[in-house]
Amino acid sequence: MADSAFKTVRRRIRDACAAAGRPAASVRLVAISKTQPADKIRYLHHLGQRRFGESYLDEATAKQAELTDLDIEWHFVGPIQSNKTRAIAAAFDWVHSVDRLKIVRRLADQRPADPKSRQVSRQEPLQGPLNVLIQVNLDDEPGKSGCAPDAIPELAAAVAEHERLTLRGLMAIPAPRERYPDQLRAFERLQALYAELESGHPGVDTLSAGMSADLEAAIAAGATMVRVGRGLFGARG
Ligand SMILES: *Cc1c(COP(=O)(O)O)cnc(C)c1O
């Protein structure tokens, strides 16, 4: 069953790329495995998936400890509490949810310089700088993670100045919209913010946008990374 879900998601990505006149390889898939057991991650890895995303630190590190034999690229996509930055900096390859200066500073200071000092061992130890995406709160939703669009330049400059961080781009979770044209309009606003970021930081290469319900619209508006949970694993319990 996971087998056909994986095929379906990959076909949706291919079709959306084709419709947008983009090569299929221009979009990377992150499997969002929060609330899913380690054996489901292992199975999807066996089918060929390498990028996995988690939202809750304790749950993620428990599963990582069961999967140390696999060459997984781990993405942290959940809200970041400042007392969790040390563990996040040590256990993940990417962080999608950086939204304030305090978090930038802590991740930069706490990213282990020596890959051997990381908490989770595995075949290919985590090395080098932490890949950082700045999360934007596109719809100005109260209580939601993400910085205001006009805070992006200051945060981007702060990430870019740290040796142990690499600025890769932006992430957003727009408010849910049912109709495709409405989804597209929201992602196009994000695309414009990304273009602005890129003009000041030509090295950025990642726009993380689109989930199970709206990945087609995100890809039409330039997403290079989609984060899919339910579409791959089924409904979360
Ligand atoms: C849960 C989650 C997803 C996946 O959402 P689905 O609707 O299950 O595809 C993507 N991104 C983030 C940040 C999430 O928390």
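For the reader, a short list of remarks on this structure follows.
- Evaluated against (1) within 13 Å of the ligand (Cβ to nearest atom); (2) at pLDDT 95 or above, residue 237 falls short on exactly one condition, (2).
- Matching strands (runs of 3 or more DSSP E) fully within the range 11-114 where at least 3 residues are in contact (Cβ under 8 Å) with a residue 40 or more places away in the chain and crowded, with 17+ Cβ neighbours inside 10 Å: 28-32, 94-98
- Looking only at the range 19-73, residues that are closer than 22 Å to residue 207 by Cα, among the polar types (S, T, N, Q) and away from the ligand (no atom under 16 Å from the Cβ) come to 1 in all.
- Count of residues meeting criterion [more than 16 Å from the ligand (Cβ to nearest atom) and either loosely packed, with under 15 Cβ neighbours inside 10 Å or closer than 30 Å to residue 162 by Cα (or both)] in the range 192-234: 16
- Residue list for the range 10-37, restricted to those being closer than 21 Å to residue 78 by Cβ and under 19 Å from the mean Cα position of the chain (by Cα): 28, 29, 30, 31, 32, 33, 34, 35, 36
- Any chance residue 64 is at pLDDT 95 or above, out of contact with any His (no Cβ under 8 Å at 6 or more places or on another chain) and more than 21 Å from residue 133 (Cα to Cα): yes
- Enumeration of residues in the range 141-179 that are more than 16 Å from the ligand (Cβ to nearest atom) and loosely packed, with under 15 Cβ neighbours inside 10 Å: 142, 148, 150, 153, 154, 157, 161, 163, 179
- Test: residue in the range 180-191 that is among the hydroxyl-bearing types (Ser, Thr, Tyr), touching a residue at least 60 places away in the same chain (Cβ under 8 Å) and surrounded by fewer than 23 Cβ atoms within 10 Å (Cβ to Cβ): no
The values are calculated or read from the model by the stated rules, or taken from the named source; none is laboratory data. Because the structure is a prediction, the values reported are computed rather than measured. All Cβ positions, glycine included, derive from the backbone under ideal geometry; neighbour counts span all protein chains shown.
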